[in-house]
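A short worksheet on the structure shown next.
Every number in this text was worked out from the coordinates using simple rules, so none of it is lab data. Quantities reported herein were computed from a predicted structural model and do not represent experimental measurements. With ideal geometry, Cβ positions are generated from the backbone for all residues, glycine too; neighbour counts draw on all protein chains shown.
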Amino acid sequence: MLLVDQIGSSHVHSTDDPETARPSNSKITTTLGLVVHAAADGVALGAAASTSQTSVQLIVFVAIMLHKAPAAFGLVSFLMHAGLERNRIRKHLLVFALAAPVMSMVTYLGLSKSSKEALSEVNATGVAMLFSAGTFLYVATVHVLPEVGGLGHSHKPDPTGGRGLSRLEVAALVLGCLIPLVLSVGHQH
């Protein structure tokens, strides 16, 4: 199978192994996925900054900063392994690096004092934080759990059968999802 790398350079990759063959769109898709994730981090940061609770601001900031460097390292490593030119890697990294700060400013301005009066009925800060948390849960359940459960993205036949998550693991996942609901019963602000 021959794959022409249209994004990075004009060289041709020759491979018969579908597991190592990377379509030309995989570099853009990977970068786009991380940019969307970084933008969701920016929404959380902007929403936290719009509150008067310093502890929430600090927790969100530290959480984002702790995983930003490994995510950037992973993106650059993936793009280098895929054979992308250094200048293009820098452009991908720049877009990734700007996504969180830009979205945090947009979110903060959207939730500013003048906007809060119009949005007070829907608790826009809480909705923004929930959106950000939802993107994390989406990535965890759609992309990470299949890898952990043996149902990864491999196109090769799995000799073990790739059974996925056990009933106990599914029960633990569902219980973990229900704990916040149980804790919120009778809790009002």
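Under a plain spin-label model, where a point goes 7 Å from the Cα along Cα-to-Cβ, how far apart in nm are Leu183 and Thr54? A separation of 2.4 nm, rounded to one decimal place.
Quote to one decimal, in nm, the extra length available between Arg86 and Met65 on full extension: 0.36 nm per residue of separation minus the C-alpha distance between them. Don't skip to the end; give the middle numbers.
Working: separation 21, 0.36 × 21 = 7.56 nm, distance 2.45 nm.
That pair, Arg86 and Met65, stretches by 5.1 nm at full extension.
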